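Read the structure below first, then the notes.
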Amino acid sequence: MRFERIWCLALLAITGACASAKPHVYGQFNELAPRVAATQGERSPQHLTVQLARPANVAVFLVIPGRASVLLFPADSTQSQYIEQGSHLVQTAAAKGALSDTSRLVRIPQGGNRQPSRTGGRGAGNYPRDSTVAFGFNQHGYLLVFASQQPMPYHILATRVGGISVPIDDDDALNTVTKLIRETTQIAGPWAAYATDFPP
């Protein structure tokens with residue numbers, strides 16, 4: 001009986017913690033009100049819905065505490081980071097990486113004893129080429145959208161923010177990525193950021 005009572009209390013505590021989890025907001029959030037949401041049913045963040053109260057330049061990162069941050073949007077230097085007011089479905093670097101993997105598999109030679117080589121490196125847009133987002137037991141991450149009235153150079157986002165290892169604490173990880181974006185892109189005007197759980 002006592003064990004059942006302790007088990008019920010623990011379960012209630014876990015459920016309460018999950019229910020009380022709120023999105024993290026930064027900067028002048030009420031002014032730009034950026035939001036990001038994962039697409040239902042996708043195991044990796046290949047398509048995202050980005051919402052803005054005002055037109056802005058946007059960058060979206062996958063932040064997994066204790067691991068390297070991943071620049072999801074813009075997916076490459078040719079994709080515009082400028083988004084109009086409202087809700088928009090965008091394709092990420094994860095989708096481009098998945099397409100790249102598929103085309104690479106098609107080109108693998110089929111005859112003889114030749115084994116396909118596994119290359120490390122990165123595919124399109126800073127997303128690891130030969131893997132999707134892999135979460136360990138009880139591991140979680142965040143989608144962090146950063147919105148600014150001024151452009152943010154893609155090469156700076158990709159090389160000085162993307163791929164940088166972040167602290168293991170959730171708040172510290174999100175604060176680190178937000179601070180890096182602001183400092184490395186030298187944001188001077190209004191900016192705001194919003195982070196939500198991934199997987200949802």
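To keep it simple, each residue is scored yes or no on (1) within 23 Å of Ile164 (Cα to Cα); (2) modelled with pLDDT of 95 or more.
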site	(1), (2)
Leu9	no, no
Ala19	no, no
Leu32	no, yes
Thr39	no, yes
His47	yes, yes
Val58	yes, yes
Leu62	yes, yes
Val70	yes, yes
Gly86	no, yes
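Every residue in the range 68-91 that is buried (at least 18 other Cβ atoms within 10 Å of the Cβ) and out of contact with any Lys or Arg (no Cβ under 7 Å at 6 or more places or on another chain), please. Listed by number, the residues that qualify are Ser69, Val70, Leu71, Leu72, Phe73, Pro74, Gln81, Ile83, Val90.
Taking Ala173 as the residue in question, decide whether it is at pLDDT 95 or above and not in a strand (DSSP E or B). Yes. Going by what's in this entry, would Ile164 be described as at pLDDT 90 or above, within 17 Å of Arg67 (Cα to Cα) and exposed (fewer than 13 other Cβ atoms within 10 Å of the Cβ)? So Ile164 fails the test.
The values are calculated or read from the model by the stated rules, or taken from the named source; none is laboratory data. Since we're looking at a predicted model, the values are computed, not measured. A quick note on method: Cβ atoms are made from the backbone with ideal geometry, for glycine too, and the neighbour counts reach across all protein chains shown.
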